[in-house]
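The block underneath contains the structure these notes are about, expressed in structure tokens.
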Amino acid sequence: MEIVKNLHSYLAYLVLIILIIAVVNALIGWFGKKEFRFEKDLRISLFALIMSHIQLLVGLILYFVSANGFKAIQTLGMGGLNSAARLLAVEHPFINIIAIVLITIGWSRHKKTEDATLKFKRIAIFYGLGLLAILSRIPWGQWL
């Protein structure tokens, strides 16, 4: 279980970095009216999508094997969770699932258009919203 927790923690750094890169790249492409290039732009956003999904899978495994996840709810009940326990058992997983859904919608919607500016715009908005959601529910006190 400790291996999964460490993997989830260290992978989070990589996911945050690549999501920031993808959002900044999309903003530069959107406002700079750049051409959407397969070699760079598509790969950056695809790598961010893949890494965020891998992080979600590792997080879901951790949620079901850790004492701080589903077992905390089973043991204490929803009313028995303090704010730190609620963050780990409820808010962090729920918001991050929503964030991954937003990122996935951004990927899916960008594929449905040929216009480069619109591709960048969709990635910037949806990946950006996903990144903000993730940042809002990171257990900073326990993570850093």
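Each reported figure results from applying straightforward, stated rules to the coordinates on display, with no laboratory input. Because the structure is a prediction, the values reported are computed rather than measured.
Counting only residues at least eight positions apart within a chain, or on another chain, the lysines with an alpha carbon under 22 Å from that of LYS34 are LYS111, LYS112, LYS119, LYS121. Our coupling estimate for the stretch 65-74, obtained by passing each phi through the Karplus curve with A = 6.51, B = -1.76, C = 1.60 and θ = phi - 60°, is 10, 8, 6, 8, x, 4, 5, 5, 5, 5 Hz, Gly and Pro reported as x. Values of log10 I(q)/I(0) for the chain across q = 0.16 Å⁻¹ run -0.80, by the Debye formula with one identical scatterer at each alpha carbon and no solvent.
Per-residue Karplus couplings for the stretch 56-63, computed as 6.51 cos²θ - 1.76 cosθ + 1.60 with θ equal to phi - 60°, are listed in order as 4, 4, 5, x, 5, 4, 4, 4 Hz, Gly and Pro entered as x. Taking the C-alpha atoms only, the angle from helix 2-31 to the longest principal axis of the chain is near 30 degrees.
Couplings 3J(HN,Hα) for the stretch 109-123, derived from phi with the Karplus relation 6.51 cos²θ - 1.76 cosθ + 1.60 (θ = phi - 60°), are 6, 5, 6, 8, 10, 9, 6, 4, 4, 5, 4, 4, 4, 5, 5 Hz, where x marks Gly and Pro. Inter-part distance, the stretch 6-60 to the stretch 95-129, computed on C-alpha centroids, equals 11 Å.
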